[in-house]
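Colleague: Dumping the structure here so I can ask a few things about it.
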Amino acid sequence: MEIVLVLLIGILYASGIFMLLRRSMVKLLIGLTLLGNGANLLIFLLGGITKGKPPVIDTAAKLFTDVYADPVPQALILTAIVISFGLQAFAIVLLKRVYVLVNSDDLDDLNTPEEEDI
Amino acid sequence: MLAAVLSGLIVSILYIPFGKYLKDRLSICVSFLPIALFAYFASFIPTIRDGGHITFHYPWVPSLGINLDFHLDGLSLLFSLLITGIGSLVFLYAAPYLKGHRYLDRFYAYLSLFMAAMLGLVLADNVLLLFIFWELTSISSFFLIGFNNDNADSRKSSLIALGITGGGGFLLMAGLILMGHLSGSYSIQEMLGANEYLKGHALYGWILALVFAGAFTKSAQFPFHFWLPGAMKAPTPVSAYLHSATMVKAGIYLLARLNPVLGGTDYWMYPLVIIGGVTMLYSAFHSLFRTDLKAILAYSTIAALGILVFLIGIGTPESLLAASVFILVHALYKASLFLTTGVIDHETGTRDVTRLSGLRKVLWPLSIAGILAALSSAGVPLTFGFIGKDLIYEATLHTVGVLPIVLTALALLTNVLVLYAGFLAGIKPFTGPLPQNLTQVHLPNALMWGAPLVLALLGLLFGCLPFLADDALLNPAAHAMLQAPIGTSLKIWHGFNTVLLLSGITLVSGVLLYVIRKPSQRSLASIERFNAWSPRHLFGKVAQYSKAFSRRYTHTLHNGFLRVYLLRIIVFAVLLLAFRLFTGGPIRLTLDQLSPVSVYEIIVAAILIAAIFLAVTTSSRLTAVVATSVIGYCICLQFVFYSAPDLAMTQFSIDTLTVVLFVLVLFRLPPFLNLANRLTRIRDWTVASAFGAVISLIAIQVLNQPFDGAVSRFYGDNAYTLAKGKNVVNVILVDFRGFDTLFEIVVLSIAAIGVFSLLKLRLNASEKE
Amino acid sequence: MNSTILKTASNYLLPILLLFSIFLLLRGHYHPGGGFVGGLIASIAFVLHSFTHGTDATLRLLRIHPGSLIPVGLGLAALSMFAPMLGGQPVMTGLWLEEPLPVIGMVGSALFFDLGVYLVVVGVVLTILFTISQYSE
């Protein structure tokens, strides 16, 4: 199964990067989401995947008695997911604001003529 | 002591809120600060005269070896008194000089800051502390030199000064850290014990080179001297303060202070003597061709600094005593001449020496100051300058080998030229007939002519009664430079000997030169032909080229297109990672450790791939949003499969909310555009696929590494015993790594505030739709 | 969205989802759940309500602006970390009551920290979404 996940991660990264390279603002946003998902999955995979053994200690026990999924990448990803929501919201609003200001979706329209010799 | 050093800093900070009340008549009040400090330091004179010294220790960052250690000995006291004494006069003088100036409050704030930095510099015992104050003087002098900030020349000069002295400061820092590291202590007093070790160390040459770089840039030694004439763009009180007693003497102070630690070897002596000698002759010669009073003084200042470096380089007890005497001599007459020039400039509106003469008739008290100072700089008997010059000859004559002849000749020539410069600045404007256009000139505020007069009279007083300064200040100062008793004292009369003869020759030839040679615009033009080879010009060229280079560089790399930046970063990352993968050996995959594949996993993966394909290729915004959310839910399913219930729940909720977010703004979002041509798309696909492939390969490589679960095991083992929790993920979040989570929610809050302010607050009133 | 069924459903869903979110928050230390998930579920409950009744109605229901939950949550989280310092213990020492309380279960400083996270998440999500929806209207 790891091979499939590796493949998925590669596809997510590649399509994320491709979307980031577009001139359209909305595509940029989608690229950001894809890339974030790819990164989460990568961290998850590298922590080692385990089936059906969540990192929760049995009610009766005080310690793990069985093998269990690695909790560290899970904690990392959990924060990453929540943060990415904040990032997306901010990015959307920022882009929207820019769209209202310059009335264009083309990132290239944001470039002002460079100031010579400051 | 700490309060004394910091008072200037505090006053300069207080100027921010209260400056505007101190602008007019009250501006003179701030002069009480240097006067009080002068009195404070003067109270230490008896202790120092009796051979004592005083140390103060305040811990600051002990773990890094940085402590607020201050050490007051003869050398520090001499400089402290000069800084506060001349500082007092400059503070008083500047009030009428800059009366009504728009930025008078700022001026005093900078001046206080500068004074505090200088005091800290000469009192610090910790070399890192010394460096901090060293840089503070560079920074505060930058503001002082560029004080007339509406003048382009002034701004440029201050930048050059900051560039040169700041650059030297960096090298100095390296040198000081090297010294501290090798000797095991950052305290100068403790380094004294390690001086033999330092001198014998393989890195001794580097230390010297770095320390010299700092001292030479600060003290305007050839070839870094050119910032000093440029710094004449500053208001004259600033020039008087910076160039007579403080800023440029910082390098001299450093050399004098480190002489007992690093000095006494050939590697110390020859560079100092050679650079000092070249500097003094070069700039004294240059002063012949100047017609601007301040430029003449600037070059003669550089010459004086050269003499000081030269004397410290010789390093005999006599030469060090000569150096400490000359520091005082020069401070007194040069400050006096600068302040005199300031009055002339202020009252007549010109500093061109060819157009000034006969001012004694209208500015008679000032003429006394100017002429006395000029005589002191010339070394006429009964002035303090005479004693200083005698000691210089004494020092050069008592060297060994062929050196006496060479060095004495050098000193003689320089002294003749310095005498000429002094006469030009102090005597020429006051003698001769008074031109018609200057008859209306009248005496300014008494503070303005009083300040130079006091300094000039002090020169005369010490000249007649040298013991006044000798026991209390100069001998202890030289003692500190040598770390041994000097054994000689100052005398007015040495009897008929070679030294007296040399003094006589200096006087006669200097006066002859003054009588014969008249300054003119023509001679100024003649020297300007050589400008193309001057260090200043070369420095300018370097600055110009680096500016052109950085502009071109910026233009190519930083062209304002986001995707170009991204493309470059990604291509670079791909190349770097691919290179590492390629050289890292073959990529293997051990199949036996992999988990089995089930049907539903394959189905989810297939849906995921299809959704990604749809999100990338669709031209409908709605489809793209739906596809993105499908991707999110598929990932959520992966978390479900592989035992991450917390993640699955979080991903599910976030995905739902993201859909809401998109839906809320979707219809207001701009339509999809397809702006790229086919070629660009192929290029982007290539780069993106390469990146994805590299990431996949890295993932495979990492999976092959043996996995050490020590960290995870720690959390697993201690989740209940230490944190009383059984859901380890949650325990990590709220307990073990609680700080991270705290900052995470802070970040979230910032995002919310950002969204709120972007939408609710109208950035621009015209934007209302 | 003026579907009557959805409107009625959301009236019932709001308290149920809120209760569920608190349930997730409280059990987070022992079972899957916690402040982040709980906060997100609570936000979804309010967002659902705002979809059917309009943002202004939800804001009226909340009585306070969701943005004001952010400083409260941050303060609570920070306080729970620094409170042990008052007792002379290092920052972030876990303090727990000896016996579990009825319904709530074990009470300790970590629970208050999680509660802070919960409040911040609700505040942040609702502030963002409500601001945007008000702007779009």
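Colleague: At a Förster distance of 45 Å, what's the computed FRET efficiency of B:Asn559 paired with B:Leu64, Cβ-Cβ distance as r, to 0.05?
Modeller: The computed FRET efficiency comes out at 0.60.
Colleague: Given the -39500 (n - 2.57) contribution per DSSP H run of 4+ residues, what per-residue ellipticity at 222 nm results for chain B, rounded to the nearest 500 deg cm²/dmol?
Modeller: Rounded to the nearest 500, it is -23500 deg cm²/dmol.
Colleague: What list of ³J(HN,Hα) values in whole Hz, one per residue of the stretch B:712-727 in order, does the Karplus curve 6.51 cos²θ - 1.76 cosθ + 1.60 (θ = phi - 60°) give from phi, with Gly and Pro shown as x?
Modeller: Those phi angles translate into 4, 4, 4, 5, x, 6, 9, 4, 8, 5, 9, 10, 6, x, 10, 8 Hz.
Colleague: Still on this structure: What list of ³J(HN,Hα) couplings, whole Hz, do you get for the stretch C:3-8 from phi and the Karplus terms 6.51, -1.76, 1.60, once you set θ to phi - 60° and write x for glycine and proline?
Modeller: Once rounded to whole Hz, the list reads 5, 5, 4, 5, 4, 5.
Colleague: Mind checking the full-extension length gain between B:Leu501 and B:Ser598? Use 0.36 nm per residue of separation minus the Cα-Cα distance, one decimal, nm.
Modeller: Additional length available on full extension: 24.1 nm.
Colleague: Do you know the relative contact order of the stretch A:2-108, to the nearest whole percent, from alpha carbon pairs under 8 angstrom that are 6+ apart?
Modeller: 28 percent
Colleague: Mind putting a number on the dipole of the stretch B:264-519 about its Cα centre? Charges go on the C-beta only, +1 for Lys and Arg and -1 for Asp and Glu, and I need it in Debye to the nearest 20.
Modeller: That gives a dipole near 780 debye.
Colleague: Quick one: angle between helix B:645-666 and the longest Cα principal axis of chain B, in degrees between 0 and 90, rounded to 10, please.
Modeller: Here the helix axis deviates by roughly 80 degrees.
Colleague: Let me ask you something else. What nm distance separates the two modelled labels at C:Asp56 and B:Ile527, each placed 7 Å from Cα along Cα→Cβ?
Modeller: 8.2 nm
Colleague: Which residues' amide hydrogens lie under 5 Å from the amide hydrogen of A:Arg23, considering only partners 5 or more residues apart or on another chain, with H built in the peptide plane?
Modeller: HN-HN under 5 Å from A:Arg23: B:Leu675.
Colleague: Once the Cβ-Cβ distance between B:Asn149 and B:Leu461 is put in as r, and R0 is 51 Å, what FRET efficiency do you end up with, to the nearest 0.05?
Modeller: 0.80
Colleague: Continuing with the same structure: On average, how many beta carbons from a partner chain sit within 10 Å of the beta carbon of a residue in B:717-726?
Modeller: Rounded to a whole number, the mean comes out at 6.
Colleague: How large is Rg over Rh for chain C, taking Rg from the Cα atoms and Rh as the Kirkwood inverse mean of 1/r across Cα pairs?
Modeller: Reported Rg/Rh, Kirkwood definition of Rh: 1.06.
Colleague: Please compute, for peptide C:112-123, the average count of beta-carbon atoms on other protein chains lying within 10 Å of each residue's beta-carbon.
Modeller: That average works out to 4.
Colleague: How big is the equivalent ellipsoid of chain B along its three axes, where each semi-axis is √(5λ) from the Cα gyration tensor, reported in whole Å from largest to smallest?
Modeller: 68, 32, 27
Colleague: In percent, what relative contact order does the stretch B:51-162 have, based on Cα pairs under 8 Å that are 6 or more apart in sequence?
Modeller: 23 percent
Colleague: Just name one of C:Pro90, B:Ala298, B:Val248: the one whose Cα is farthest towards the positive end of the charge dipole of the protein assembly as shown (beta-carbon charges, Lys/Arg +1, Asp/Glu -1).
Modeller: B:Ala298
Colleague: Given 0.36 nm per residue, what is the gain on full extension from B:Thr618 to B:Lys156 after removing their alpha carbon distance, in nm?
Modeller: That works out to 160.6 nm of additional length.
Colleague: Amide H neighbours of B:Ile66 under 5 Å, at least 5 residues apart or on other chains, H built in the peptide plane: list them.
Modeller: Result for B:Ile66 returns B:Val61.
Colleague: Scattering from the C-alpha atoms of the protein assembly as shown alone, worked out with Debye: what is log10 I(q)/I(0) at q = 0.09 1/Å?
Modeller: Cα-only, vacuum Debye calculation for the protein assembly as shown: -0.98.
Colleague: Could you work out the relative contact order of chain B, using alpha carbon pairs under 8 angstrom and six or more residues apart, expressed as a whole percent?
Modeller: 10 percent
Colleague: Two decimals is fine: what is log10 I(q)/I(0) at q = 0.15 Å⁻¹ for the stretch B:182-237, from a Debye sum with one equal scatterer on every Cα and no solvent?
Modeller: -0.61
Colleague: In addition: Just want the ordering: B:Trp533, B:Trp685, B:Trp364, B:Trp268, from fewest to most Cβ atoms lying within 10 Å of their own Cβ.
Modeller: Least crowded to most crowded, the residues run B:Trp533, B:Trp364, B:Trp685, B:Trp268.
Colleague: Set Lys and Arg Cβ to +1 and Asp and Glu Cβ to -1, take the dipole of the protein assembly as shown about its Cα centre, and tell me which of C:Ile44, B:Leu2, B:Val406 lies farthest positive.
Modeller: Positive-most Cα among the choices belongs to B:Val406.
Colleague: Hull surface divided by four, with the convex hull built on the Cα atoms of the stretch B:562-721: how many nm²?
Modeller: Approximately 13.6 nm², given one-decimal rounding.
Colleague: Counting only other chains, what is the mean number of Cβ atoms within 10 angstrom of the Cβ of each residue in peptide B:556-566?
Modeller: The shielding value for this peptide is 3.
Colleague: Taking the Cβ of each residue in B:Asp266, A:Asp58 as the centre, tally the other Cβ atoms inside 10 Å and list the residues starting with the fewest.
Modeller: Ranking B:Asp266, A:Asp58 by Cβ neighbours within 10 Å, fewest first, gives B:Asp266, A:Asp58.
Colleague: Quick check on packing: order C:6-15, B:174-183, B:463-472, B:369-378 by the mean number of other C-beta atoms within 10 Å, highest mean leading.
Modeller: B:369-378, B:174-183, B:463-472, C:6-15
Colleague: Something else now. Taking K and R as +1 and D and E as -1, what net charge do the other residues with C-beta under 14 Å from the C-beta of B:Trp449 add up to?
Modeller: -1
Colleague: Tell me, what ³J(HN,Hα) does each residue in the stretch B:233-238 have, in order and in whole Hz, if you take phi through Karplus 6.51 cos²θ - 1.76 cosθ + 1.60 with θ = phi - 60° and put x for Gly and Pro?
Modeller: 5, 5, x, 4, x, 5
Colleague: Rounded if a/c is under 1.5, else prolate if a/b is larger than b/c, else oblate: which is the stretch A:2-108, with a ≥ b ≥ c the root eigenvalues of its Cα gyration tensor?
Modeller: In terms of gyration-tensor shape, oblate.
Colleague: Which pairs break 29 Å Cα to Cα here: B:Lys294/B:Lys361; B:Lys334/B:Lys518; B:Lys218/B:Lys334; B:Lys249/B:Lys491; A:Lys27/A:Lys53; B:Lys20/B:Lys294?
Modeller: Distance filter (> 29 Å) returns A:Lys27/A:Lys53; B:Lys20/B:Lys294.
Colleague: According to a simple spin-label model (label point 7 Å from Cα along Cα-to-Cβ), what is the distance in nm between B:Val640 and B:Ala573?
Modeller: 3.1 nm
The numbers here are math on the coordinates, done by the rules we state, and not lab data. The shown structure was predicted, so the numbers you read here are calculated from the model rather than taken from an experiment. Because the Cβ atoms are built from the backbone with ideal geometry, glycine has one as well, and the counts that use them run over all protein chains shown.
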